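The values are calculated or read from the model by the stated rules, or taken from the named source; none is laboratory data. Given the structure is predicted, the values throughout are model-derived calculations rather than measurements. Here the Cβ is made from the backbone with ideal geometry for all residues, glycine too, and neighbour counts use every protein chain on show.
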Amino acid sequence: MKFVIFDIDGTLINTKKVEDKCFMKAFEQTFGIDIWSQKWESLINVTDWGITEEIIQREWNRNPMKDEYKLMISNFVSNLKVEITKDKLQFSEIPRAKDFFYELKGGNEFKLGIATGSWEKSAKLKLESVGITIDGICF
């Protein structure tokens, strides 16, 4: 059996602008820290979890607490849902990515997986927003 592992952002969907906006808003809602002018290239981490941890360590000299992570994820997903309602075109499929994904999923030659730096709840929401369901997919 062969495995094909997909990233989400930039591979299956294009949500960079809206995701950044929702992440920064959620960060301010959760931690009261304005990261709108954050220079992303200066960060070591590239995952939602890692970025959150890195900024909180820098700002507060500690790791985020479990309930802070939960609130951050909840705020982020809520912000994404608002943006989907406002303008679903902000959540676009990479051209023909969904067709390719489902073509591989429908066959017997490949087992599919998703590897992403996004939180699971936000990743699933973004995929669902363009009509990609991941039932039976390794996540």
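Taking the criterion of being on the phi > 0 side of the Ramachandran plot and touching a strand residue (DSSP E or B) at 6+ places or on another chain (Cβ under 9 Å), the residues of the stretch 82-139 that qualify are 131, 136.
For first residues located in the stretch 13-24 and within 15 Å of residue 124 (Cα to Cα), partners that are basic (Lys, Arg) and lie 6+ apart or on another chain with Cβ distances below 7 Å form the pairs 13/126; 15/126.
Is it true that some residue in the stretch 47-63 is among the aliphatic types (A, V, I, L, M), within 18 Å of the chain's Cα centre (by Cα) and modelled with pLDDT under 95? Taking every residue of the stretch 47-63 in turn, none turns out to be among the aliphatic types (A, V, I, L, M), within 18 Å of the chain's Cα centre (by Cα) and modelled with pLDDT under 95. Within the stretch 114-131, is even one residue more than 18 Å from the chain's Cα centre (by Cα) and not in a helix (DSSP H, G or I)? No, because not a single residue in the stretch 114-131 is more than 18 Å from the chain's Cα centre (by Cα) and not in a helix (DSSP H, G or I).
To keep it simple, each residue is scored yes or no on (1) touching a residue at least 40 places away in the same chain (Cβ under 8 Å); (2) of a type in the set (Phe, Trp, Tyr); (3) closer than 29 Å to residue 137 by Cβ; (4) assigned to a loop (DSSP other than H, G, I, E, B).
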position: 38; (1), (2), (3), (4): no, no, no, yes
position: 46; (1), (2), (3), (4): yes, no, yes, yes
position: 49; (1), (2), (3), (4): yes, yes, yes, no
position: 55; (1), (2), (3), (4): no, no, no, no
position: 67; (1), (2), (3), (4): no, no, no, no
position: 77; (1), (2), (3), (4): yes, no, yes, no
position: 83; (1), (2), (3), (4): yes, no, yes, no
position: 95; (1), (2), (3), (4): no, no, yes, yes
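Inspect the stretch 7-22 for any residue being assigned to a strand (DSSP E or B), of a type outside the set (D, E, K, R), in contact with a Leu (Cβ under 8 Å, 6 or more places away or on another chain) and on the phi < 0 side of the Ramachandran plot and give the result as yes or no. So far as the stretch 7-22 goes, yes, one or more of its residues are assigned to a strand (DSSP E or B), of a type outside the set (D, E, K, R), in contact with a Leu (Cβ under 8 Å, 6 or more places away or on another chain) and on the phi < 0 side of the Ramachandran plot. For the stretch 80-118, the tally of residues that are surrounded by fewer than 16 Cβ atoms within 10 Å (Cβ to Cβ) and of a type in the set (S, T, N, Q) stands at 3.
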